[in-house]
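Below is one structure; the comments refer to it alone.
The values are calculated or read from the model by the stated rules, or taken from the named source; none is laboratory data. Keep in mind the model is a prediction, meaning the values are calculated, not measured. Virtual Cβ from ideal backbone geometry, glycine too; neighbours counted across all protein chains shown. When the accessible area is computed, the model is the full protein with side chains, heavy atoms only, and any ligands, DNA or RNA have been set aside. Shrake-Rupley method; radii C 1.70, N 1.55, O 1.52, S 1.80 Å.
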Amino acid sequence: GGGSKAVETRARGYAHPMRLSNKSNRIQDEVVEALHGVVREVGGPITRRFYRLKAAHLGLKKLRWSDRNAPMPFADSTVVPFQEAMTTVFEAYESFSPTLAKLIRNSIEQKRIDAPAEKGRRGGAYNYSIVLPGNIPASFTFLNYLGSNRDVMILAHELGHGVHGLLAGEAQGSLMFQAPTAYAETASVFGEMTTFNFLKKQLIAKGDKKSLFALVMTTIDDAVNTVVRQIGFSNFERRLHGMDASYSKWDEPKKHSVEEVSAIWLETLKELYGEEGDVFTYENTNLLWSYIPHFHRPFYVYGYAFGQLLTQSLYAQQARLGERFEPLYLNLLRSGGTRNAIELLEPFGLDPRDTQFWNDGIKIGLDALVKEAEDLSRELGVSF
């Protein structure tokens, strides 16, 4: 993979191996660098705080790498009937955009949501949006609904993809309606975050602190894996394809032995998750790079982190912009694949070239959640 990538970069005259991905994502190089730098410097320490907290609840002094996604000793036991889930999701969307709520109502009426977890279905959830002949957008949402609060958030997430597809499909037609990976997650994460806050209010009203804590912790697990882990993957790819250890310049990529690849992998892990014995022990992790299929399609993974943090920063603009927010947000979704990251965010007064933009995304999302989990942990009598 590395050799063919280097040949293509040279043959096409790209300044560096990430150039092609950045172009197809419609993101300027300086924006990509700002994102990577902030996740390393700001996201890394927050991540380590989270895993120290998790270790305390698991009764461990240090975590093995395989403990990273371990479930908490107690779970959010809420069971939500499907109709109630639809009502929560509808109200969450209604709270920031009646237009989007109406699109969701149409999806329900047209029976475009397939939710029962029936025998023989594959796991997971997805949305499929398409523009039919005559420029008619259509959207289908498939999931396996089992009634947990997490399932309610998954429903909100997939319906977010749906409304994004419907708005962009109508505005852009079949050729340009699909947003690049880096901002294909905007509506889905936004809807999921709003729904998460609705669910939290319900658990607070019930006084169910354990379920609330479990919900917050699983949400942080997902956020860390979407933002920090993907940027760790991206840094590994960058190093492998010729970037220096300080992430400041590109050299011609070299052939590496398995041992050299493993050494780079461990370095990029420790940059984010701490030195050996700080939070984690890293035995048996040196070859884990070999099982990650993303690396066969280089520089695709940072799009996940980009989408999550961009959405967190956008989410925080609601209070500042008030009634101006909804029309600006709908225009962003209608853009599909026609505008670059700077153009998309300009109407909101945001600039993704500025490290502060990414800082805000991490503070509003990950940092606020970890603080909330730490506070709840103290209330539950667990020190860390």
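Data for the structure
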{"read-out": "The chain - percent of accessible surface contributed by carbon and sulfur, probe 1.4 Å", "value": "52 percent"}
{"read-out": "FRET efficiency for residue 144 and residue 323, using Cβ-Cβ distance with R0 set to 30 Å, rounded to 0.05", "value": "0.20"}
{"read-out": "Centroid-to-centroid separation of region 221-295 and region 331-377 [C-alpha atoms, Å]", "value": "25 Å"}
{"read-out": "Bins of 5 Å, starting at 0 and running to the largest distance - Cα pair percent for region 345-384", "value": "6, 21, 18, 15, 12, 9, 8, 7, 4, 0"}
{"read-out": "Rounded if a/c under 1.5, otherwise prolate or oblate - region 109-205, Cα gyration tensor axes", "value": "oblate"}
{"read-out": "Protection proxy ranking of 197-203, 224-230 - average other beta-carbon atoms within 10 Å, highest first", "value": "224-230, 197-203"}
{"read-out": "Semi-axis lengths, Å, the chain, gyration tensor of Cα atoms, sqrt of 5 times eigenvalues", "value": "32, 29, 19"}
{"read-out": "Per-selection Kirkwood Rh - region 203-333 (Cα, Å, 1 d.p.)", "value": "17.8 Å"}
{"read-out": "FRET efficiency, 1/(1 + (r/R0)^6) with R0 41 Å, evaluated for residue 62 and residue 296 via beta carbons", "value": "0.80"}
{"read-out": "Gain upon complete extension [residue 353, residue 316; 0.36 nm per residue less C-alpha separation]", "value": "11.5 nm"}
{"read-out": "Residue 70 paired with residue 247, simple spin-label distance in nm, labels 7 Å along Cα-to-beta-carbon", "value": "2.9 nm"}
{"read-out": "Over 18 Å [Cα-Cα, region 242-284], rounded percent", "value": "37 percent"}
{"read-out": "5 angstrom amide H check on residue 129, placed H, neighbours 5+ away", "value": "140"}
{"read-out": "Ellipsoid semi-axes in whole angstrom, largest first, where each is sqrt(5λ) of the Cα gyration tensor of region 20-170", "value": "33, 26, 15"}
{"read-out": "Residue 148 long-range amide H proximity, modeled H, under 5 Å", "value": "80"}
{"read-out": "Accessible surface, per residue, of region 33-188 when the full set of protein chains is kept, probe 1.4 Å, Å²", "value": "48 Å²"}
{"read-out": "Estimated inter-spin distance, residue 91 and residue 109, nm [label 7 Å along Cα→Cβ]", "value": "2.2 nm"}
{"read-out": "Highest average packing first - 259-270, 56-67, 40-51, Cβ atoms within 10 Å", "value": "40-51, 259-270, 56-67"}
{"read-out": "Out-of-range pairs (alpha-carbon distance over 19 Å; input 54/201; 5/249; 206/371)", "value": "54/201; 206/371"}
{"read-out": "For region 1-107: rounded, prolate or oblate by the Cα gyration tensor [a/c cutoff 1.5]", "value": "oblate"}
